[in-house]
Amino acid sequence: MLTAETGGICIPWAEDQSQVLEKLHAVKETGLTSPEAARRLEIAGPNSIESIKRRGLLRILLNQFVSPFVLLLAIAAGLSFFFEEWLDGIAIVAVILINAVIGFFMEFQAERSMETLKKLTMVPVRALRDNRLTAIPSEQVVPGDIIFVEAGDMIAADARLFQAAQLQTDESALTGESLPVGKTTVALPRDIPLAERSNMLYKGTFVSKGNGYAVVVCTGMKTELGAIARLVQQAGQVATPLEKKLQVFSRKLIWVTVALAVSIFIAGLVNGQKLVEMLETSIALVVAAVPEGLPIVATLALAFGMLRMARHNIIVKKLSSVETLGGTNVICTDKTGTLTQNKITASFIQIGNSSSAIDLDPGSSSVRWLGDSSIADTPACRHIYRIAALCNTASYQHDSVPEKESGDPLEVGLLKLVYCAGITQETYNTQFPKVDEIPFSSDTKVMATLHRNGQEFYIAAKGAVEALLFRCTTVLEADTIIPLTEERKKQWLMSAEKQAQSGLRVLAFAFRVSKEKETDFLHRLTLAGLIGFIDPPRPEVPAAIEECKSAGIKVVMITGDHPATARNIAMQLGLANESDAVIHGSAMKPFDQLTNEDKELWLHAPVFARVSPEHKLNLVKLFQERKMIVGMTGDGVNDAPALKKADIGIAMGQRGTQVAQDVADMVLKDDAFSSIVVAIKQGRVIFDNIRKFVIFLLSCNLSELLLIAAASILNLHFRLFPLQILFINLVTDVLPALALGLTEAAPHIMQRRPYSSGTPVIDRKRWSAIFTYSVVIAGSSIGAVFVSHVLLHNQEKFNFELCNNILFYTLILSQILHVFNMSFERGLPFYRTAVFRNKYVWYAVGSCILITTLSYWVVPMRKVLQVSIYSWEDWSVVVFFPILSLVIIQVLKKIRWVI
Ligand code: ATP
């Protein structure tokens, strides 16, 4: 049954549209009132598919305890309790809890960042509310809402159509059928299968062509998509390639460490150490040496990166895209709106043999003719104005403050021209009511509408010059319609080309009067004239293109516009020069027919013009064939395949259709090219930061491992206690690693080449650096013990406790200071690097030093860590050696021994 409040189990396809509207208490002309919509929302609930996979807080918390590390620690705690080492046992339990809380906090943060981003990507729905077509969040759609959909829109709820113009939808998400489904408004048999219900729109599918109005019958989980939601739900958040790499890496490390721990355990026993002590040392060693927090710190760094980008109007939808961005080496960008301002203004008109530049002044609502002003009074010009107003789906409200405009900026530009010419769109619409429409598509590059004009019909058409000319047979010159001979066509094409060369985007306008209502009306047209539009380049783009060049990123313009316009704009932006080839879409062969020469030509051309969406796809294929990482922009429905295929599909937030935004990996809220460059830069920063903390964690852990191994194997008389190892691990691992993850861009980050796709996080060069760092840290810690023991105290009797304490504090401080070694910017002293200037690093260092100091002054902590009070000379040693280790590593970096 269909109910006004909740929708419910519906059979609206079998009923007449008026019956459906009546049952839902919906009025198709005015829509619902806001209070009524609010009431229905209260009853039906939000229009969303409940996510089964969303993890609760408890799940995240419990997750912290399911790991081999916790198990190892638990065994250690159990053993301590068994041997009545109460303090140790309690301390290990405390460590487990502290680790869990930190892990919980980090995972929770990462999840929250994802949620915030999801909200940012929600798509609006155009619904008729209070007699006005307004954009509302898709969650607020209720049964009975009248919605308007057009090509590129995602359908937000199940709805029954009552008006459709050439409407086709892609229902593959629901039915698996990839061919577009034509839509009608007539009632259908009751038992017709879902795939054939051509008068229905279904949530989750999208409009591939045309437009239409429909009344919402079901929302949220009551929709067809909701019913199969459990099947189509994606299996949770998949780990990104980088996270996977780190997971595999950590797992390998566990085994290496376990093997080492076992050797150390055996060596200790052989050297006569106590069994329990050695057991605890080995377990603590495993826990200390393995960077268990690595994958989650990486996730957090990626998630924070996403949030940081969101602040720059860049919505990155998948964590994995953040890493891919860092390696992007080709950006294929469209022109209109991304490289240009998308403020499209008519600046030139040509009819018959006359033409003139024009200047619009919406303030005084006038057109200033800078050339032949007599054009204004010609029949051809009047036709152009009429076509501009009628063959138009945009809206422009000049009388509201501020002015309101919506729809395609080119069409808004036309409405402004019409307004300045002193006629309103409403006047035309009343005089010539629209009967049918062939919507604009970037494949055909034309648009046409059919209007009633008394007993006759008026066909208004506009489009790319060569595409429309080929549908014209006559031309209106002076007061007469004359045949459009091949010769004349050539002349028109040449004048269009001339305008395009000066950077104008040129559109042709044509019409026809017909005695009867035709279904296929785009032919035998009469050409009225041309309009040239200016769309100035965005001022910030040349600098962004320069930045790409120095960063080794190739920028390619792919546009539907005329080659001459494209070249002119590309030259203004520094993207191409006079000698560069502009490849025309018509010269682009299918992918499998490309010769090697064609491929080389494509690979080196900076501009592709008059391209269709299929060409875009082929270009992506070619770049990927050459192992390049491709970022591709797109806005239309047909761009979806290319956006999907590209490594980074980039959709435009303002101009892009919902489908493009849905399939893209990244959405630019401000449509600006420079945002892509910002995103790539952020991607590089994040990858660098992940590398930094991986190197930091590994070198710290390896230094502990070396110390303990040396103590056991060489049977030194001093060594670290298990609890001390755990303490060092807790203090030095988490905060500095997190802080490193938030480091800003290094100054030269956009002056080096992109990473190749297979770049490992830790390559051979970095492994050798990790090893060197850890040797220096371990060496300076042993050096401190030596100096204190031999030079300061000069004792015959070995003071085990003092040696242990000096080792413990020197190691902690060395590791804390080691964070400043984590800048890899060549030629900069370390105090001028991004790490040194990262305030979070300072907070982390400050907090770590504070916690370390507390361990000395707070008596219970001191007891647990077995620390005693000692003299300022000893303290000087403890401070001197970490600084020495920092200096040694800096010198090694300076002489390029390590990175
Ligand atoms: P880009 O791909 O850089 O965004 P574009 O906007 O020119 O460039 P399309 O939108 O595919 O690409 O347009 C291709 C051509 O179709 C335009 O150059 C223009 O001649 C014509 N055109 C664009 N918009 C319309 C429209 N609304 N109605 C009729 N013709 C149009």
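The values are calculated or read from the model by the stated rules, or taken from the named source; none is laboratory data. This structure is a prediction, so every number in the text was calculated from the model and none was measured. Virtual Cβ from ideal backbone geometry, glycine too; neighbours counted across all protein chains shown. These accessible areas exclude ligands, DNA and RNA; they are computed on the full protein's heavy atoms, side chains included. Shrake-Rupley method; radii C 1.70, N 1.55, O 1.52, S 1.80 Å.
For a distance above 56 Å, tell me the whole-number percent of Cα pairs in the chain that qualify. Considering the chain, 28 percent of its Cα-Cα pairs are separated by more than 56 Å.
A Förster distance of 22 Å, applied to the separation of the beta-carbon atoms of GLN491 and ASP372, puts the FRET efficiency at 0.80.
Against the main long axis of the alpha-carbon atoms of the chain, helix 722-741 sits at an angle near 30°. One chain, two ends: PHE880 and SER868. Fully extended at 0.36 nm per residue, the span grows by 2.4 nm beyond their Cα-Cα distance. Here the simple spin-label model places points 7 Å from the Cα toward Cβ, and for LEU791 and THR480 these points are separated by 11.0 nm. For a label point 7 Å from the Cα of PHE800 along Cα→C-beta, name the residues of segment 851-869 whose backbone N is under 15 Å from it. Output list for this probe position: 866-868.
Take every pair of alpha-carbon atoms less than 8 Å apart whose residues are at least six positions apart; their mean separation over the length of the chain yields a relative contact order of 11 percent. Taking other residues whose beta carbon is less than 10 angstrom from the beta carbon of THR30, and scoring Lys, Arg as +1 and Asp, Glu as -1, yields +1. In this structure the chain gives 43 Å² per residue of accessible area when probed at 1.4 Å with all protein chains present. When the Cα positions of PRO537, ILE816, ALA739 are compared along the charge dipole of the chain, ILE816 comes out farthest toward the positive end, with charges on each C-beta of Lys, Arg, Asp and Glu. When +1 charges are put on Lys and Arg Cβ atoms and -1 charges on Asp and Glu Cβ atoms, the dipole computed for the chain relative to its Cα centre reaches about 1680 debye.
Count Lys and Arg as plus one, Asp and Glu as minus one, and take only other residues whose Cβ is under 12 Å from that of SER495; the net charge is then +3.
With a/c under 1.5 counting as rounded, go ahead and sort segment 320-450 into rounded, prolate or oblate using the C-alpha gyration tensor (a ≥ b ≥ c being the square roots of the eigenvalues; past the cut-off, prolate if a/b is larger than b/c, else oblate). Prolate. Could you work out the local net charge near LYS203, counting Lys and Arg as +1, Asp and Glu as -1, over the other residues with Cβ closer than 9 Å to its Cβ? Neighbour charge sum, excluding LYS203 itself: -2.
Checked against a 31 Å cut-off, the cross-linked pairs LYS445/LYS554; LYS616/LYS765; LYS462/LYS498; LYS274/LYS765; LYS28/LYS317; LYS434/LYS621 give Cα-Cα distances beyond that limit for LYS616/LYS765; LYS274/LYS765; LYS28/LYS317; LYS434/LYS621.
Taken about its Cα centre, segment 646-765 carries a charge dipole of about 400 debye when Lys and Arg each add +1 at the Cβ and Asp and Glu each add -1 at the Cβ. Here each label is just a point 7 Å from Cα along the line to Cβ, and for ILE895 and LYS515 those points are 10.0 nm apart. Using the Cβ-Cβ distance between SER756 and THR33 with R0 set to 41 Å, the FRET efficiency from 1/(1 + (r/R0)^6) comes to roughly 0.10. Here, P(r) means the percent of Cα pairs in each 5 Å bin from 0 to the largest distance; for segment 408-461 it is 5, 17, 20, 26, 21, 10, 1. Approximating the spin labels as points 7 Å out from Cα along Cα→Cβ, the LEU133-to-ALA74 distance works out to 6.1 nm. Net length available on complete extension from LYS589 to GLU744 is 51.3 nm, with 0.36 nm assigned per residue and the Cα-Cα distance removed.
Report the gain in length on full extension from ALA94 to SER365: 0.36 nm times residue separation, minus Cα-Cα distance, nm rounded to one decimal. Don't skip to the answer; put the middle values down first.
Numbers: separation 271, 0.36 × 271 = 97.56 nm, distance 7.58 nm.
Answer, rounded to one decimal: 90.0 nm.
Here segment 345-534 exposes an accessible surface that is 51 percent carbon and sulfur, computed with a 1.4 Å probe and the other protein chains kept in place.
Grab the beta carbon distance between ALA187 and TYR856, set R0 = 56 Å, and tell me the FRET efficiency rounded to 0.05.
Computed FRET efficiency for ALA187 and TYR856 comes out at 0.10.
Between the Cα long axis of helix 294-311 and the first principal axis of the chain there is an angle of about 40°, rounded to the nearest 10. Ellipticity at 222 nm from helices only: DSSP H runs of n ≥ 4 in the chain, each -39500 (n - 2.57), divided by the residue count, give -15000 deg cm²/dmol. Taken about its Cα centre, segment 447-546 carries a charge dipole of about 220 debye when Lys and Arg each add +1 at the Cβ and Asp and Glu each add -1 at the Cβ.
Projecting the Cα atoms of LEU21, ALA609, ALA261 onto the dipole axis of the chain, where Lys and Arg carry +1 and Asp and Glu carry -1 at the beta carbon, places ALA261 farthest toward the positive end. In the chain, the longest principal axis of the Cα atoms and the axis of helix 486-501 are about 40 degrees apart. Peptide packing for 244-253, 411-420 was compared via the average number of neighbouring C-beta atoms within 10 Å per residue; ordered from the highest value, the list is 411-420, 244-253.
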